[in-house]
Amino acid sequence: MIKEKDHEIVFKYTCYRREDFSVCVGCKICASVCSVNDLALNVNPQELLLKLFVGEKIEDDHPLVRYCTSCYRCTAACPWQIRIPEVVRAVKESLGMESRFEKAFKKSLDIWGRVYEPFVVAMTALDLLRGGYIKYMPKWMGYAGFHLPHKVKRLKPTNASKGSNPSEEGRS
Amino acid sequence: MMEYGYYPGCSLTGSAKRLDQGVRRLCKKLGHSLAEIPDWNCCGALEYGDRNELVSISGENLKKAQGICREIIVPCPACYKNLKDADPERSFNIMSPLELLNPENLSQIEQKRDLKGQVFFPYYGCLLMRPEGNSIKNRNIMEDTISAFGGDVNGENMKDRCCGGNQLFLNKWATERLSTLILGKTKGTVVVFCPFCHMAMKTFATGRKVVYLTDLLLYVMGESNSL
Ligand code: SF4
Ligand code: SF4
């Protein structure tokens, strides 16, 4: 569950301020185009923004947080172009809802600076086995191929290059 | 004849190797050269909730490109979005290879085969089309290209729907449902440009081909084994 004080983390992550969500007019256009509703899950992205705006708790295992595909259909349709999937993603991390797959992805980045797919597959092999993915293997043969990982020398900004952060201006 | 910077991104060195090879071969045929950004790192894909962290990871690639190139070809739509997000000043021209398919370049293609009588569903998915400001300018570029070589296209209203590709390893039923929704309302060969879409469509399409547009163009140019 995300309590009110944890909302600050979501705002920090998304670079939105609480008052930025005051523009939401509750038109629910976002809900009408949301891909998660094609899964018949009856979600409403606006409700999540409202909870953040008024400081209400967000329950664990929220279906929008679990199933959001980052399709940006909501953003494209919203009169304010609110980047809802980025808010959802920030909530997901705050709730600790990342899957083993997502963690393996980031771990690979920490080690090599790139996603090394054989590593991600190895880290999630049990889930793939249990999840019934084996039946897709014949179709996935074309994706296989072996290469050694490349280690990137510089991943995070060096002190010298730190300073200007383009993300703030990048917000639209 | 142009020299572009090139950012392949992680999946193009692995599961989407085909797209990487297609882009490289296509550019060569069009007379363009690609200079890979040295020591490029992952763009962060859709895996970071912290926007500043994502932008700093992506932006590191632009620092590595500084002084080398201003125009950077970025095939993967997720990388394309992230690199654009990391460059709000537009100091670089981040381009999808799709943006190379202008009439001038297309007219240079030496056509050896045509696509007459064949039906295609050009499928863009999400990140080439959204969010606004990041999307490709010509939203019919795949249709224009396929039609130029005689192919029939369909599926206009499904072309920017979501395949659910990024849920494939989390909740595969969701990907299956979203992909089959799109497949059910379209017909013919599915032509994609995104590694996620390729995998989702390939996994859930029955009896339909799923190809990258690059491979289709190489086929038109007479390359063997391109499809
Ligand atoms: S990005 Fe997420 S919240 Fe927005 S429409 Fe897509 S699935 Fe729904
Ligand atoms: S579309 Fe935008 S303004 Fe309308 S309810 Fe959704 S978030 Fe609020």
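The values are calculated or read from the model by the stated rules, or taken from the named source; none is laboratory data. Worth saying up front: this structure is predicted, and the values here are computed from it rather than measured. Because the Cβ atoms are built from the backbone with ideal geometry, glycine has one as well, and the counts that use them run over all protein chains shown.
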* To do: Residues being over 19 Å from A:K28 (Cβ atoms) and within 7 Å of ligand 1 (Cβ to nearest atom): count how many of those fall in region A:64-103.
  => 1
* Asked: How many of the residues in region A:91-111 are within 16 Å of ligand 2 (Cβ to nearest atom) and either touching an Asp or Glu at 6+ places or on another chain (Cβ under 7 Å) or within 22 Å of A:R130 (Cα to Cα) (or both)?
  -> 0
* Structure fact -> For region A:13-32, the count of residues that are within 13 Å of ligand 1 (Cβ to nearest atom) and surrounded by fewer than 18 Cβ atoms within 10 Å (Cβ to Cβ) equals 3
* Mind checking whether some residue in region B:118-134 is of a type in the set (D, E) and either at pLDDT below 95 or over 23 Å from B:L46 (Cβ atoms) (or both)? -> yes
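From the list A:R89, A:R114, A:R66, which residue is at the interface with chain B (Cβ under 8 Å from one of its Cβ atoms) and either outside any helix (DSSP H, G or I) or over 11 Å from the mean Cα position of the chain (by Cα) (or both)?
Numbers: A:R89 fails: either outside any helix (DSSP H, G or I) or over 11 Å from the mean Cα position of the chain (by Cα) (or both); A:R66 fails: either outside any helix (DSSP H, G or I) or over 11 Å from the mean Cα position of the chain (by Cα) (or both).
Just one listed residue meets the conditions, A:R114.
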* Considering each of A:S94, A:S161, A:S172, A:S167 in turn, give the residue that is modelled with pLDDT under 90, farther than 20 Å from B:F196 by Cβ and in contact with a strand residue (DSSP E or B) (Cβ under 8 Å, 6 or more places away or on another chain). => A:S94
* Asked: Just one of A:K51, A:K107 is more than 20 Å from B:A86 (Cα to Cα) and not assigned by TED's automatic domain parsing to the domain that holds A:V25; which is it?
  -> A:K107
* To do: Could you tell me which of the residues B:G164, B:G125 is within 12 Å of another protein chain (Cβ to nearest Cβ), without any contact (Cβ under 8 Å) to a residue 40 or more places away in the chain and within 29 Å of A:S99 (Cα to Cα)?
  => B:G164
* **Complete set of residues in region B:50-109 that are in contact with a strand residue (DSSP E or B) (Cβ under 6 Å, 6 or more places away or on another chain) and at the interface with chain A (Cβ under 10 Å from one of its Cβ atoms)** => B:K84
* Asked: Which of the residues that make up region B:60-76 are in contact with a helix residue (DSSP H, G or I) (Cβ under 8 Å, 6 or more places away or on another chain) and either outside any loop (DSSP other than H, G, I, E, B) or free of Cβ contacts under 8 Å to residues at least 60 places away in the same chain (or both)?
  -> B:N61, B:L62, B:I72, B:I73
* Going through region B:160-185 one residue at a time, which ones are part of a loop (DSSP other than H, G, I, E, B), surrounded by fewer than 23 Cβ atoms within 10 Å (Cβ to Cβ) and not hydrophobic (A, V, I, L, M, F, W, C)? -> B:D160, B:N171, B:K185
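Test A:D38 against the stated conditions and say whether it is within 16 Å of ligand 1 (Cβ to nearest atom) and either part of a helix (DSSP H, G or I) or modelled with pLDDT under 95 (or both). Walk me through how you get there before you give the answer.
Values: within 16 Å of ligand 1 (Cβ to nearest atom): yes; either part of a helix (DSSP H, G or I) or modelled with pLDDT under 95 (or both): yes.
In short, yes.
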* First in region A:1-29 and among the acidic types (D, E), second anywhere and surrounded by 14 or more Cβ atoms within 10 Å (Cβ to Cβ), Cβ under 6 Å, 6 or more apart -> A:D6/A:S94
